[in-house]
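The values are calculated or read from the model by the stated rules, or taken from the named source; none is laboratory data. Quick caveat, the model's predicted, so the values are computed rather than measured. Please note: Cβ atoms are built from the backbone with ideal geometry, for glycine as well, and neighbour counts cover all protein chains shown. Side chains are part of the model used for accessible areas, which takes the heavy atoms of the whole protein and leaves out ligands, DNA and RNA. Shrake-Rupley method; radii C 1.70, N 1.55, O 1.52, S 1.80 Å.
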Amino acid sequence: MGWPYEFVDLTEDDKLHRRHAINHNASVAFWSAFAPAVAALLLRAAARVVRRLRRGQYREVPGSPALKASRQGWSSPAQVVGDRWRTFAWWMGGDVVLLGAHWGRRDEWILGTTWASWLLFLCFRGTGKDYLHLTKRFGAIATSQLPIQYFLALKYLSPFGYLFRSSHEELNRWHRVLGRIVYSLLVLHIIFYNVFFILSGIWFKRFFASIVFAGVIASLFMHTLMGMSMSKVRQLSYRVFFITHIIAAMAVPPLIFYHAPSARIYVSLAIGFLVLDLAARKMTSIDAPSVVESIPGTELLKITSTMPSSKILKFKAKPGAHLYLNLPLSSRPAPNNPYSVGNLVFEFLYNPFTVVSANEDSNQVTFVARKRTGPMTARLAEFAAAGVPEGDEAKMALSIEGPYGVVGETFSDLLDAGVGRILIVAGGVGATFAVPIYHALIAESPTARIQFVWAIRSPGDATWAPSNPSGKSLTDDDQVQLFLTGDMGLSSSHRSGQGTGGDGVEMTNLNRLSERNHKRPDLGKLVGDMFKSASDETIAVLVCGPPEMGRELRRHVTPWVMNGRKVWWHNESFGW
């Protein structure tokens with residue numbers, strides 16, 4: 001079968017009909033993107049109704065052991081569907097591994113492929129043999145997704161964040177998936193138009209026409225952005241990627257606005273929501289006087305910031321939440337020269353840090369950062385080296401926005417899930433997420449049996465952790481297991497051929513650690529023991545640490561989920 005499309009001559013009425021068809025399919029593509037959110041709302045409402053109905057049911061306790069066993073073994077159709085759905089959802093969340101490399105999750109590939117197929121269908125539907133109709137349709141469908149692409153990237157005013165009760169770091173992975181789809185559609189749009197210009201003998205004439213050249217410039221921004229999005233480039237300099245991302249996000253919509261008049265509604269929505277989000281973030285950010293201290297014997301910095309009580313209450317209500325940190329001009333290297341390169345870099349730096357504690361009495365929040373090579377932590381370390389200041393005037397001003405985070409939105413779901421046992425695993429500064437969650441669970445769910453496992457590089461890495469609500473320190477808490485390791489706590493099965501690292505370090509200031517754990521945590525045994533000790537209870541597993549720690553823990557939990565066990569799972573991560 002040959003290529004079915006050809007260059008056709010159309011009357012003005014036919015061109016108008018083609019334009020209506022292009023606009024209609026672009027509108028369908030845009031509005032259909034909200035279908036998953038509507039489905040999620042309906043499912044959430046149905047689940048709420050089911051829970052209320054179950055609360056009103058009364059089942060007589062069976063008298064005989066045989067009847068009790070038969071009832072325990074019987075499942076209603078709704079329970080069977082629920083069990084299968086949980087198993088399927090867990091499988092969808094698994095990693096795709098090819099040649100030893102991780103290529104995202106299954107749900108990203110499956111749902112991304114499904115969405116790409118739907119958009120391709122809309123690109124081809126009703127185009128007949130008209131080559132230009134097909135070419136224009138690809139561009140229109142791609143630009144119809146730009147508002148969705150921007151919505152998924154917003155931190156404060158994201159419609160999908162409210163609809164899915166999610167946060168930026170979770171929605172961001174779908175932002176990346178959709179970005180690849182949009183880019184692919186635009187590349188095909190560009191190729192098809194270039195073929196048309198070349199075969200029609202008008203390439204030089206049309207290429208430099210202002211309306212076409214605006215599209216060319218926009219495509220160059222897109223190509224640059226996709227090149228900078230490659231994992232190797234991000235690893236070399238995430239800052240360069242981020243700055244390129246921001247510049248492209250601001251530059252592409254105006255160029256498309258001029259290039260494609262029919263797409264103006266979509267690019268206006270995209271840039272409009274982006275500007276509103278930036279304005280809202282700016283208005284809700286506060287400049288907080290802060291004390292920055294180095295934790296002796298470690299590469300950690302402890303930051304204590306004073307802020308209004310209204311802001312403290314927001315962080316207090318969302319344990320495990322994180323903030324975004326920026327340096328105002330007064331705290332930058334050259335405050336008297338605002339347009340220096342060293343200062344302008346900070347305009348693009350918003351680093352996430354998890355809040356360890358929010359104290360209503362002192363109106364202070366505390367968070368911990370590890371010294372890195374970037375300008376943010378380097379500047380914080382400079383202030384820490386100067387010593388603890390006296391008086392608010394001598395403190396470092398930090399621009400803080402938040403709180404953000406998925407668990408902050410769903411913590412009540414964890415409390416209402418009927419969880420009997422909870423396993424919390426943290427590696428290094430990942431405990432900045434785990435510790436406030438642990439303390440909140442002790443306070444809000446005192447009957448739950450909680451096990452907190454924390455792998456640290458050196459004894460000093462644990463000295464920043466606050467005491468629990470009853471005043472007991474982590475080192476004196478029987479529910480807490482501390483492990484000293486230089487590799488962030490992977491089991492020996494993942495460290496074959498390597499030495500014991502810091503296993504033999506004397507921990508004089510953490511005596512309970514020296515008594516209990518001169519080894520790395522065996523995550524497989526921890527998971528197995530917890531599930532075996534609670535044969536019919538719902539288990540919650542939360543982890544925050546290096547990527548391999550989360551992957552290993554999930555591998556050990558997977559067999560239990562596949563065998564029908566109910567698990568409330570969360571892996572806290574900021575990385576790509």
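Hey, what do the phi angles of the stretch 287-301 turn into as Karplus ³J(HN,Hα) couplings, whole Hz, using 6.51/-1.76/1.60 and θ = phi - 60°, x for Gly and Pro?
Working through the residues one at a time gives 8, 9, x, 9, 10, 10, 10, 7, 8, x, x, 9, 9, 9, 10 Hz.
Over the Cα atoms of the stretch 94-156, each weighted equally, I'd like the Debye log10 I(q)/I(0) at q = 0.13, 0.21, 0.26 Å⁻¹, rounded to two decimals.
Log-scaled intensity ratios, in q order: -0.54, -0.91, -1.04.
Where the centroid of each part is defined by its Cα atoms, how far is the stretch 135-213 from the stretch 238-253 in Å?
15
Summarise the accessible area of the stretch 215-258 (1.4 Å probe, protein heavy atoms) by the percent that is carbon and sulfur.
Ligands and nucleic acids excluded, carbon and sulfur reach 77 percent.
What FRET efficiency comes out for the pair S310/S467, r = Cβ-Cβ distance, R0 = 25 Å, nearest 0.05?
0.45
Between Rg and the Kirkwood Rh of the stretch 294-382, both from Cα atoms, what is the Rg to Rh ratio?
1.00
Mind checking the full-extension length gain between T447 and L98? Use 0.36 nm per residue of separation minus the Cα-Cα distance, one decimal, nm.
Residue separation times 0.36 nm, minus the Cα-Cα distance, leaves 121.3 nm.
Pop out the ³J(HN,Hα) list for the stretch 22-27 in order, Karplus 6.51 cos²θ - 1.76 cosθ + 1.60 with θ = phi - 60°, rounded to Hz; leave Gly and Pro as x.
Values per residue, Gly and Pro as x: 5, 5, 5, 5, 5, 5 Hz.
Considering only DSSP beta bridges whose two residues both sit in the chain, what percent are antiparallel, to the nearest 5?
55
Please give the calculated 222 nm ellipticity per residue for the chain, where each DSSP H segment of at least 4 residues contributes -39500 (n - 2.57) and the sum is spread over every residue; nearest 500 deg cm²/dmol?
Only helices count here, giving -16500 deg cm²/dmol.
Going toward the positive end of the dipole of the chain, with +1 on Lys and Arg Cβ and -1 on Asp and Glu Cβ, which of Y150, A431, L276 do you reach last?
Checked the options; the winner is Y150.
Roughly what percent of Cα-Cα pairs across the stretch 126-215 reach past 21 Å?
46
Suppose all protein chains stay in the model; what accessible area per residue would a 1.4 Å probe give for the chain, in Å²?
That works out to 51 Å² per residue.
Take M222, M307 and sort them by solvent-accessible surface of the protein heavy atoms, 1.4 Å probe, largest at the top.
Solvent-accessible surface, decreasing: M222, M307.
So how do L163, L278, L482, L236 rank on accessible area, 1.4 Å probe, biggest first, that is with the largest at the start?
L236, L278, L163, L482
In units of 2.2 N^0.38 Å, what is the alpha-carbon radius of gyration of the chain?
Normalised Cα radius of gyration, the chain: 1.11.
Stokes-Einstein D for the stretch 420-459 at 37 °C, 0.692 mPa s, Kirkwood Rh over Cα pairs, in µm²/s?
311
Could you give me the ³J(HN,Hα) list for the stretch 557-572, computed from phi with Karplus coefficients 6.51, -1.76, 1.60 and θ = phi - 60°, whole Hz, x at Gly and Pro?
Per-residue couplings from phi come out as 7, 3, x, 5, 5, 5, 8, x, 6, 8, 10, 9, 10, 8, 10, 7 Hz.
Report, in degrees rounded to the nearest 10, the 0 to 90 angle that the Cα long axis of helix 523-533 makes with the longest principal axis of the chain.
So the inclination is approximately 70 degrees.
Taking 8 Å as the Cα distance limit and 6 or more residues as the minimum spacing, I'd like the relative contact order of the chain as a percentage.
It comes to 11 percent, rounded to a whole number.
Suppose every Lys and Arg Cβ carries +1 and every Asp and Glu Cβ carries -1, with no other charges. What dipole size does the chain come out with about its Cα centre, to the nearest 20 debye?
Computed charge dipole of the chain: roughly 1400 debye.
5 Å is the cut-off here: which amide hydrogens, built 1.01 Å from N in the peptide plane, fall below it relative to A397, excluding neighbours closer than 5 in sequence?
S290
Assuming 1.002 mPa s and 20 °C, estimate D for the stretch 242-355 with Stokes-Einstein, Rh taken as the Kirkwood radius over Cα pairs, in µm²/s.
124
Going 7 Å from the Cα of F213 along its beta-carbon direction, which residues of the stretch 226-267 have the amide nitrogen within less than 14 Å of the resulting point?
Zone members listed by number: 259.
Long-range amide H contacts for V96: which residues qualify at under 5 Å (H placed 1.01 Å from N, peptide plane, sequence gap of 5 or more or a different chain)?
W103, G104, R105, R106
Could you list which residues have their amide H under 5 Å from that of V356, counting only those 5 or more apart in sequence or on another chain, with H placed in the peptide plane?
Residues meeting the amide H criterion: T366, F367, V368.
If you average the alpha carbon positions of the stretch 98-115 and of the stretch 306-324, how far apart do those two centres end up, in angstrom?
Their Cα centres are 35 Å away from one another.
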